[in-house]
Amino acid sequence: MNVLGPIADMPSTTLPNLLALSSEQLCRLVADLGWPRYRATQILQWLYQHRVRDIRAMTNLPLDQRATLCRMAAIERASDVQCLVGADGTRKFLWSPVPNLSVETILIPEGRRLTLCVSSQIGCTLDCSFCLTGQMGWKRNLRAHEIVEQVLIAQDHLLPPQRITSLVFMGMGEPLANIDAVSEAIGRLTNAEWGLGFSPRRITLSTAGMVARFADIARLGVNLAVSLNATTDEQRQLLMPAINRLYPLEQLIAGCREYSQKTECCLTIEYVMLAGVNDTMHDARRLVQLLRGIRCKVNLIPFNEFASSSYRRPNETVVRQFQAVLRHAGFDVFVRKSRGSDILGACGQLGYIPRASAYSRVPTASAATQHERLVYEHG
Ligand code: SF4
């Protein structure tokens with residue numbers, strides 16, 4: 001069977017997209033063509049490490065093989081990326097893999113760290129009431145190459161020696177509801193020989209609590225963050241109804257406990273604080289009881305307000321008191337700073353697309369073209 005036929009995406013050029021192939025599929029293609037096996041590695045390196053957009057830029061492939069590949073396939077990258085820059089330097093990238101649907105990715109600079117928050121779905125299958133993404137409903141799962149594309153886009157916009165230091169799956173969507181594509185993407189992101197070479201320890205998957213899939217995270221070797229946000233079932237039912245019906249609080253906490261015992265890894269517990277809803281001292285004490293014996297750190301996230309939400313952000317004193325209760329019980333507790341809220345790039349705010357005219361539109365092609373010129377000159 002021709003590996004390109006039924007498997008790869010059909011981009012606008014009508015040729016299959018090389019980026020849509022897994023490494024195994026690319027190896028099969030190279031074998032079908034009778035080329036040496038290392039060609040597949042070279043092609044993958046051009047795609048992920050050099051980020052070329054044109055097969056002709058793969059200068060260590062013989063000319064006739066480049067010509068053959070050009071006739072059979074193309075490299076389809078995001079062509080029109082909108083980049084919104086917040087006052088604090090946070091950047092939000094928007095692009096459309098299909099008409100009328102946008103993927104949102106957030107790049108957050110903090111000191112020497114540069115964190116990229118990637119999306120795994122457009123919209124979300126879950127319906128957390130404090131989250132703008134949840135309000136837009138589920139539109140589509142992202143494919144593996146569309147998840148990786150978000151990292152490639154961010155890299156296109158960096159100037160050396162800047163580099164992304166950590167990746168968090170905390171953008172749009174529930175990553176464990178799209179685990180096959182997420183697993184495949186993580187394989188490409190962590191492969192050191194031809195992929196992007198991220199250490200799995202620098203990648204965090206955040207889940208609303210799909211307990212049955214915690215084992216997948218352990219298998220991938222990445223970090224687990226659990227979005228808890230409640231200390232009673234009633235509260236969680238109000239805030240995260242869909243997931244709480246599937247995995248009530250008791251089951252979720254048992255899953256966290258089992259995960260931390262089996263993996264000996266430290267989980268991150270995310271707790272969005274909503275004024276008057278889950279931010280009382282009773283909540284803080286109940287949280288201590290729930291988490292006792294689980295190896296974890298706690299991130300408190302004061303709610304980032306948006307126009308269509310009736311929830312409010314608690315005041316600073318309440319947040320500090322809540323933090324003090326957990327600290328006193330021996331937990332590592334951090335209050336997450338709100339980043340990029342002026343471009344609706346903060347936690348829980350993804351899903352609203354501001355009018356393009358208000359912001360800069362930065363085509364990634366310019367960065368890529370520059371890079372490809374270098375490759376042509378020096379390759
Ligand atoms: S908080 Fe996460 S899981 Fe819940 S609706 Fe938003 S994106 Fe989905």
Notebook entry, point to check: Extension gain Ser199-Ala307, at 0.36 nm per residue separation less the Cα-Cα distance, in nm?
Noted result: 35.1 nm
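Using a Förster distance of 35 Å, how high is the FRET efficiency between Met72 and Ala192, based on the Cβ-Cβ distance and rounded to 0.05? The partial results should precede the final answer.
Working: r = 28 Å, r/R0 = 0.80.
Efficiency computed from Cβ-Cβ geometry: 0.80.
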Next item on the list: Pick out which of Leu63, Leu167, Leu291 has the largest mean-square fluctuation in a Gaussian network model of the chain, springs linking Cα atoms closer than 10 Å.
Entry: Leu63
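Highest mean first, what order results for 232-240, 94-102, 298-306, 17-25 on Cβ atoms within 10 Å? Display every interim value, and only then the final one.
Working: 232-240: 18.0, 94-102: 14.2, 298-306: 21.3, 17-25: 19.7.
The packing order, highest mean first, is 298-306, 17-25, 232-240, 94-102.
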Check: Which one of Met281, Ala329, Tyr247 is farthest out on the positive end of the charge dipole of region 82-358, using unit charges on Cβ (Lys, Arg +1; Asp, Glu -1) and the Cα centre as origin?
Finding: Ala329
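What is the sum of charges around Cys266, taking Lys and Arg as +1, Asp and Glu as -1, for the other residues whose C-beta is under 12 Å from the C-beta of Cys266? The partial results should precede the final answer.
Values: positive: Arg201, Arg295, Lys297; negative: Glu264, Asp332.
After counting each charged neighbour, the total is +1.
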Item checked: Cα→Cβ-extended label distance, 7 Å offset, between Glu316 and Arg219, nm -> 4.7 nm
Next item on the list: Restricting things to alpha carbons, tell me how big region 4-77 is in terms of Rg and Dmax, in Å.
Entry: 11.0, 30
Note to self: Could you check the spin-label model distance between Glu234 and Gln261? Points 7 Å from the Cα along Cα→Cβ, value in nm.
What the structure shows: 3.0 nm
Next item on the list: Would you kindly state how much longer the chain becomes between Glu24 and Asp80 on full extension, computed as 0.36 nm times their sequence separation minus their alpha carbon distance, in nm to one decimal?
Entry: 17.2 nm
Note to self: What does the charge count around Gln45 come to, taking other residues whose C-beta lies under 13 Å from its C-beta (Lys +1, Arg +1, Asp -1, Glu -1)?
What the structure shows: +2
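So if R0 is 30 Å, what FRET efficiency would Asp342 and Arg163 give, r being the distance between their Cβ atoms, rounded to the nearest 0.05? Show your work: numbers first, answer last.
Details: r = 25 Å, r/R0 = 0.84.
Here the calculated transfer efficiency is 0.75.
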Next item on the list: Name the residue farthest towards the positive end of the dipole of the chain from the options Leu18, Gln235, Gly123, assuming +1 on Cβ of Lys and Arg, -1 on Cβ of Asp and Glu, about the Cα centre.
Entry: Gln235
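What share of the DSSP beta bridges in the chain is antiparallel, in percent to the nearest 5?
In the chain, DSSP labels about 45 percent of beta bridges as antiparallel.
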Check: Sorted by mean Cβ packing within 10 Å, highest first, what order do the peptides 159-165, 330-336 take?
Finding: 330-336, 159-165
Note to self: Could you check the spin-label model distance between Met136 and Gln289? Points 7 Å from the Cα along Cα→Cβ, value in nm.
What the structure shows: 3.9 nm
Notebook entry, point to check: When the helices in the chain are scored as -39500 (n - 2.57) per DSSP H run of 4 or longer and the sum is shared across all residues, what 222 nm value do you end up with, to the nearest 500 deg cm²/dmol?
Noted result: -10500 deg cm²/dmol
Margin query: Just to be sure I understand the rule: take each whole DSSP H helix in the chain, project its Cα atoms onto its long axis, keep it if the span is 30 Å or more and its mean Kyte-Doolittle hydropathy is at least -1.0. Which ones pass?
Written below: none
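Every read-out reported here was derived from the displayed coordinates using simple, explicitly stated rules and does not represent laboratory data. Values in this document were obtained by computation on a predicted structure and should not be read as measured data. Positions of Cβ are generated from backbone atoms using ideal geometry, with glycine treated the same way; all protein chains shown enter the neighbour counts.
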